[in-house]
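Contents: one structure, followed by commentary.
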């Protein structure tokens, strides 16, 4: 049997890795933000993901559909990071401070008036707050199905979870979101979006 | 069709996963049941709002930096330490410098109790910096949250405690907080190491969300 050799950090290896991953990093970052709801956490998730994947460059070269595969690895990493935090209550103490962007301050550019902006702002905050109250599996399935548009069959393969389980998670997540978000602000959002 | 059957099939209906017959049954029920019509309207509005929830792009340079760090292990390991200092001008973020005494180099604190102002129902990150004169292994940091103040992701838990290492110099503690109502007491952070303890208090002022309609 051929020995398993470590992947050497050669110029070719670096180029392969960066060329392979570069087209996907923005997508993964946005997915990580949707999972975590935080710019800092999204950055950490992506950085950790890339650090872990670099030694696996050879394996990545053989993957036909890299994006869904990367989404799966990111999902597992997100769930693991939430579990880890839950076990040893949160907060990391790190030297130096953090380059911040509060996700709630990062709004898409708007062309409507101040009143509509305020309403949209409020709805966005409420949505993010409600999403943060879902468990990581529920949040992931809502994000990937309702926001990213993956079908349940695609998610069965990406999240390695049977369709029945995904349907039930999605059902509970939507139910919880409806409880947390009464109709009124949502209908305001509809009005703002359609204005 | 009964309302319970409608409710159990609503997701499949919204996702276009029902056959023609079931779809007609659902639509027939919607025509004469006000309660289920409301539930349907609520669900559609929620889905639209989720679809419209845009995610931010990474900051310029992040992709190249992250790729570069990944291929240079030493840079990746230094990722957390290498972040630039935060600006005090950042909205929705409070930078609170606290000099830790006792087993740390004592530096006078300008006020006995520091305070931050948070907006009702709005998740905001409060940052507390502990300055330590020397590295400390296995310090215990405990947090006591006042009523109506939640640590995001921890629901109603009022007491949290964990072991952590402090490095020499600045150590950042990030607290994603949400205020649900008036906070009558202070948030208390208790830092202990080798039998010594230092208690910090953070007063939380609450302001209403103003035009958020709350």
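Residues to consider are A:93, A:28; find the one that is closer than 28 Å to residue A:136 by Cβ, surrounded by 15 or more Cβ atoms within 10 Å (Cβ to Cβ), at pLDDT 90 or above and outside the structural domain of residue A:130 (by TED's automatic domain parsing).
A:28
Applying the condition of being loosely packed, with under 15 Cβ neighbours inside 10 Å and under 21 Å from residue A:126 (Cβ atoms) to segment B:21-47 and asking which residue is nearest to the other protein chains (Cβ to nearest Cβ) yields B:38. Might you let me know whether segment A:127-138 holds any residue that is buried (at least 22 other Cβ atoms within 10 Å of the Cβ), more than 14 Å from the chain's Cα centre (by Cα) and either modelled with pLDDT of 85 or more or in the same structural domain as residue A:65 (by TED's automatic domain parsing) (or both)? Within segment A:127-138 (the criterion being buried (at least 22 other Cβ atoms within 10 Å of the Cβ), more than 14 Å from the chain's Cα centre (by Cα) and either modelled with pLDDT of 85 or more or in the same structural domain as residue A:65 (by TED's automatic domain parsing) (or both)), the answer is yes, since at least one residue qualifies.
Taking the stated definitions as given, is residue A:157 more than 10 Å from every other protein chain (Cβ to nearest Cβ) and more than 18 Å from residue B:12 (Cβ to Cβ)? Can you show your working first?
Values: more than 10 Å from every other protein chain (Cβ to nearest Cβ): yes; more than 18 Å from residue B:12 (Cβ to Cβ): yes.
Taking the combined requirement at face value, the residue satisfies it.
Summed over segment A:139-154, the residues that are facing chain B (nearest Cβ under 10 Å), surrounded by fewer than 17 Cβ atoms within 10 Å (Cβ to Cβ) and modelled with pLDDT of 90 or more give a count of 1.
The values are calculated or read from the model by the stated rules, or taken from the named source; none is laboratory data. For clarity, every value in this text was computed on a predicted model and none was experimentally measured. Cβ atoms come from the backbone with ideal geometry, glycine included; neighbour counts cover every protein chain shown.
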